[in-house]
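Quick note: the coordinates plus some simple rules give every number you see, no bench work behind them. Nothing here was measured: the structure is a model prediction, and the numbers come from that model. In this analysis, Cβ positions are derived from the backbone assuming ideal geometry, glycine residues included, and neighbour counts consider all displayed protein chains.
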Amino acid sequence: MRINRLLSLICIGLFSFSGFSQNQTFGFGLGGAAFKGETSDDLQSIVEEIGVQSHLYYAIAFKDTRWQIMAQINYNRIIADIDVNSVNGQLISYSTSSEHIFTSAGLRFYFDSYTRKYLPRFGHSAPFIGAHIGGTFFTNDTNSPLFNDGDNITIKDGASRDLAFQVEAGYRFYLNEIWSVEANANFRHGTNDLWDGIGGHTEFNDWIVSLSVGFAINL
């Protein structure tokens with residue numbers, strides 16, 4: 001409930017601000033994503049469980065249009081598996097189909113003078129960074145029931161919610177004043193250790209990295 005209230009207040013403020021803005025952007029993209037959690041065999045590796053990622057966002061520019069305030073929704077679907085020991089010592093080949101919907105609000109900054117003047121032309125480009133906060137709703141369709149073992153491993157099937165934080169870095173290439181191509185990388189971290197359906201095996205919470213390519217429409 002607290003996450004839903006926070007998101008409602010953020011969205012109300014975001015769309016109230018739109019009346020004072022001249023420049024708006026709609027963006028979307030597709031790409032890949034990867035887990036890091038208890039299903040990861042190598043904790044030093046960044047990319048193991050590979051999945052898909054898509055996102056859609058709406059952004060409103062400040063007077064200095066290099067700065068934008070954004071509302072964004074991300075979707076991830078990742079398949080993960082690992083062998084774990086149950087409470088009676090039986091080896092279980094655990095697998096899950098994990099789906100995540102992350103709804104957030106945040107800020108993005110473009111390192112580009114053309115964006116500041118809002119006079120982009122074909123061939124102009126702008127790297128950018130951003131930070132976002134929001135709620136993630138995730139479901140795990142697992143092949144194993146809930147259990148605990150000596151290491152306090154917990155498997156949770158079904159749906160849950162969490163507060164999450166995301167940072168991004170990317171690059172925009174302008175096709176004209178309206179259309180542009182964007183590529184970006186995201187790192188998302190939460191306060192919940194059950195994103196992959198397993199909690200308690202490590203002292204770290206789960207996180208997701210993603211890469212995507214898409215288009216932005218500047219109005």
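Below 14 angstrom from the Cβ of F165, what's the summed charge of the other residues (Lys, Arg +1; Asp, Glu -1)? Walk me through the numbers on the way to the answer.
Numbers: positive: R188; negative: D162, E168, D206.
With Lys, Arg at +1 and Asp, Glu at -1, the neighbours total -2.
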Discussion item. I need the phi-derived Karplus couplings for segment 93-102: 6.51 cos²θ - 1.76 cosθ + 1.60, θ = phi - 60°, integer Hz, Gly and Pro marked x.
Written reply: 8, 7, 9, 8, 10, 10, 10, 10, 10, 10
Worksheet item: Label R161 and L30 with points 7 Å out from Cα along Cα→Cβ: what is the distance between them in nm?
Response: 3.1 nm
Worksheet entry | Relative packing of peptides 168-174, 190-196 - highest average C-beta neighbours within 10 Å first | 190-196, 168-174
